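Student: Quick one: the structure is below, and I'll ask about it shortly.
The values are calculated or read from the model by the stated rules, or taken from the named source; none is laboratory data. Every value quoted in this text rests on a predicted model; they were computed, and no experiment measured them. All Cβ positions, even for glycine, are placed from backbone atoms using ideal geometry, and neighbour counts span all protein chains on display. Surface areas here come from the heavy atoms of the whole protein model, side chains and all, with no ligands, DNA or RNA. Shrake-Rupley method; radii C 1.70, N 1.55, O 1.52, S 1.80 Å.
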Amino acid sequence: MNIVYTINCDFFSQLCVSILSVLKHTSQKLNFFVISSDIQQQQFSYLKEIVRKAAYDRDISVKLFSPLIAVKSELKADRGDISQYYRLFLVDIFKNNGVDVNKLQRVVFLDADTLIVGDHFEDLSKINLNNNVIGACLDPWSKLYRPVFNLDRKAYMINSGVLVIDLNKWLENRISERINSIIMNRKGFFPQGDQGILDEAFKGKFEILPLSYNLNSLSVEFSYHDLCIYRKPQSYYSKLSYDQAKMYPTIVHFTSSFLCDRPWIYDITSDYGQIWRQSKEKLQLPKTNYKNKSVIVFLYKTFKPIKALNFLGIVQAYVRPLMWLIQRRRILR
């Protein structure tokens, strides 16, 4: 099973915790590829030691690759670091580091802020992509986001935190050329960063993975009813699929939102956040001074959250995409 992470050094602790969780939930042979321009050799040696101790004599390799590409100057980090874009150039990065992508065939890409918590993780290595280039979970965007990314109104939209990529089909379908064309034509306009580019590149044509493979913080915190009020999702999972994923997640993805946690930042966290913190403590990684989010959570849960959700839902589902659409038309006209 080939697993890829692309990170900067600020996410080293998250990387260690995520890799440790992978090791706990699979018995397969594993090849980890870490792509970073600034992880230090001392950090990488520490990571390899973590893997060695947790491997229990299993056949596991960990390789650190430099991107060895010039990230296009047009690209700007919409959120996080410029390393988010490395996932768009995996084929080139592998080739430049001497990897035969035809032999590698398939990789599972994971954001470093993921935690494997349940069964069936190994199934990602052999899940049927039904002749698609990639498999991904859906992101719950409202219909007004589609034209921002040049999509049909009912097109499926990607959450890029967990991807299953068929590298051979990526080459066959000339996806790299398609992505480069999008980047050149965007004129510096990159809402949602790498994810927005992937949406425009694949036009909703990808294998939809069960939500259990990428249960983000919003889904951990919100019921299906509340999510629909807040996000007003178009072309998304059914309530049954959503509830099943919440009950039996395989991968939790610690995304940010006004309520939800990233357990390395805020004082309040979910049960999964507590698992993440316990794992970090066992690895003896640097301690964190948590920011206070108690007041926000208290106010939200005290003062009629449905009214707050209705207001925030208008901003999230209508105001934000309309502002992006206006910006897109102004820049790309």
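Student: Have a look at Leu88, Leu75 and point out the one that is open to solvent by less than 20 Å² (accessible area, probe 1.4 Å), within 17 Å of Val108 (Cβ to Cβ) and among the hydrophobic types (A, V, I, L, M, F, W, C).
Tutor: Leu88
Student: From the list Leu227, Leu198, exactly one residue is open to solvent by less than 10 Å² (accessible area, probe 1.4 Å) and within 27 Å of Ile179 (Cβ to Cβ). Which is it?
Tutor: One residue alone meets the criteria, Leu198.
Student: Please state which one of Ile7, Ile3 is touching a strand residue (DSSP E or B) at 6+ places or on another chain (Cβ under 9 Å), within 23 Å of Thr288 (Cα to Cα) and crowded, with 18+ Cβ neighbours inside 10 Å.
Tutor: Checking each option against the conditions leaves just Ile7.
Student: I'd like to know if the range 145-152 contains one or more residues that are of a type in the set (A, V, I, L, M) and open to solvent by less than 10 Å² (accessible area, probe 1.4 Å).
Tutor: yes
Student: Considering only residues that are within 18 Å of the chain's Cα centre (by Cα), crowded, with 16+ Cβ neighbours inside 10 Å, under 19 Å from Leu15 (Cβ atoms) and modelled with pLDDT under 90, which ones fall in the range 257-291?
Tutor: Asp261, Arg262, Pro263, Trp264, Gly273
Student: A further question follows. Being under 17 Å from Asp111 (Cα atoms), open to solvent by 20 Å² or more (accessible area, probe 1.4 Å), under 17 Å from the mean Cα position of the chain (by Cα) and not small (Gly, Ala, Ser), is that true of even one residue in the range 232-253?
Tutor: Within the range 232-253, none of the residues are under 17 Å from Asp111 (Cα atoms), open to solvent by 20 Å² or more (accessible area, probe 1.4 Å), under 17 Å from the mean Cα position of the chain (by Cα) and not small (Gly, Ala, Ser).
Student: Would you check which residues across the range 50-68 are open to solvent by 30 Å² or more (accessible area, probe 1.4 Å), modelled with pLDDT of 90 or more and under 15 Å from Thr26 (Cβ atoms) and list them?
Tutor: Those that are open to solvent by 30 Å² or more (accessible area, probe 1.4 Å), modelled with pLDDT of 90 or more and under 15 Å from Thr26 (Cβ atoms): Ile60, Ser61.
Student: Another one. Give me a count of the residues in the range 25-70 that are assigned to a helix (DSSP H, G or I) and of a type in the set (Val, Ile, Thr).
Tutor: 2
Student: Which one of these does Phe94 not meet: (1) of a type outside the set (Val, Ile, Thr); (2) in a loop (DSSP other than H, G, I, E, B); (3) open to solvent by less than 20 Å² (accessible area, probe 1.4 Å)?
Tutor: (2)
Student: If a residue has to be within 21 Å of Val91 (Cα to Cα), surrounded by 17 or more Cβ atoms within 10 Å (Cβ to Cβ) and out of contact with any Phe, Trp or Tyr (no Cβ under 9 Å at 6 or more places or on another chain) to count, how many in the range 181-194 make the cut?
Tutor: Residues that pass the stated criteria total 1.
Student: Moving on. Which numbered condition in (1) of a type in the set (Phe, Trp, Tyr); (2) at pLDDT 90 or above; (3) open to solvent by 20 Å² or more (accessible area, probe 1.4 Å) is the only one that Phe33 fails?
Tutor: All conditions are met except number (3).
Student: Suppose the filter is basic (Lys, Arg) and touching a residue at least 40 places away in the same chain (Cβ under 8 Å); does Lys53 pass it?
Tutor: When the stated conditions are applied, Lys53 does not pass them.
One line per residue, one yes/no per condition, for (1) more than 17 Å from Ser256 (Cα to Cα); (2) modelled with pLDDT of 90 or more; (3) open to solvent by 40 Å² or more (accessible area, probe 1.4 Å); (4) part of a helix (DSSP H, G or I):
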site: Val297; (1), (2), (3), (4): no, no, no, yes
site: Lys301; (1), (2), (3), (4): yes, no, yes, yes
site: Lys307; (1), (2), (3), (4): yes, no, yes, yes
site: Asn310; (1), (2), (3), (4): yes, no, yes, yes
site: Ile314; (1), (2), (3), (4): yes, yes, yes, yes
site: Tyr318; (1), (2), (3), (4): yes, yes, yes, yes
site: Leu325; (1), (2), (3), (4): yes, yes, no, yes
site: Arg329; (1), (2), (3), (4): yes, no, yes, yes
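Student: Right, here's the next one. Looking only at the range 10-30, filter to residues that are surrounded by fewer than 21 Cβ atoms within 10 Å (Cβ to Cβ) and among the small types (Gly, Ala, Ser); which one of those is modelled with the lowest pLDDT?
Tutor: This residue is Ser27.
Student: Next question, about the same structure. Would you mind stating whether Val252 is in contact (Cβ under 8 Å) with a residue 40 or more places away in the chain, touching a helix residue (DSSP H, G or I) at 6+ places or on another chain (Cβ under 6 Å) and over 20 Å from Asp81 (Cβ atoms)?
Tutor: Yes; evaluated as a whole, the condition is true for this residue.
Student: Now for a different question. When only residues in the range 97-116 that are open to solvent by 20 Å² or more (accessible area, probe 1.4 Å) and assigned to a helix (DSSP H, G or I) count, which is nearest to Lys280 (Cα to Cα)?
Tutor: It comes out as Leu104.
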